[in-house]
Amino acid sequence: MYVLKPRLSEKAYATAQANNTFVIDVPKELNKHEIAAVVEKQFAVSVASVRVSNHKGKAKRVMNTTGKRYSNRSGTQADVKKAYISLRVGSHLPFFAAEETEAKETTKTNEKKAEKTKTISNVTSKTPKAENKTSHRGLLRNRKAGDK
């Protein structure tokens with residue numbers, strides 16, 4: 001029994017929205033057919049295709065400090081095997097469900113704000129305004145001259 005972990009990133013979210021393709025970290029010993037079988041069993045979806053990519057871990061420098069002495073050691077990040085899983089039409093994985101509901105809520109709030117601004121603009125259009133800026137400025141000049 002293998003446990004598959006989804007990659008939750010912006011790029012993975014974009015591919016899931018555009019192509020119904022999900023990115024999952026898989027163990028190195030699995031091949032495409034085994035990955036498809038495990039995904040279908042674990043998530044109860046139908047898989048259309050699987051693409052696999054192996055990424056070697058980068059070499060990183062690790063600093064070790066103890067008191068006045070320090071040393072540089074070389075280390076590496078872990079190797080990663082990713083599977084790009086395309087699902088058949090009608091199948092969907094709930095990895096990004098929180099983002100999708102959040103997007104729906106923001107559209108609803110934006111619609112409410114738009115309705116409020118429409119009602120406010122209707123109210124402000126009914127209030128009397130100066131005919132144009134020059135006549136309004138002239139009124140202000142007359143008031144200032146009368147005050148002196």
Self-check item: For VAL47: the one exception among (1) out of contact with any Asp or Glu (no Cβ under 6 Å at 6 or more places or on another chain); (2) touching a residue at least 40 places away in the same chain (Cβ under 8 Å)
Solution: (1)
Quiz item: Considering only residues of the stretch 1-25 that are more than 16 Å from SER91 (Cα to Cα) and either part of a loop (DSSP other than H, G, I, E, B) or modelled with pLDDT of 95 or more (or both), which is nearest to the chain's Cα centre (by Cα)?
Solution: SER9
Practice problem: Check VAL123, VAL89 and return the single one that is among the β-branched types (Val, Ile, Thr) and modelled with pLDDT under 80. | Solution: VAL123
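The values are calculated or read from the model by the stated rules, or taken from the named source; none is laboratory data. This is a predicted model, so every value here is computed, not measured. Ideal geometry is used to build each Cβ from the backbone, glycine not excepted, and the neighbour counts take in all protein chains shown.
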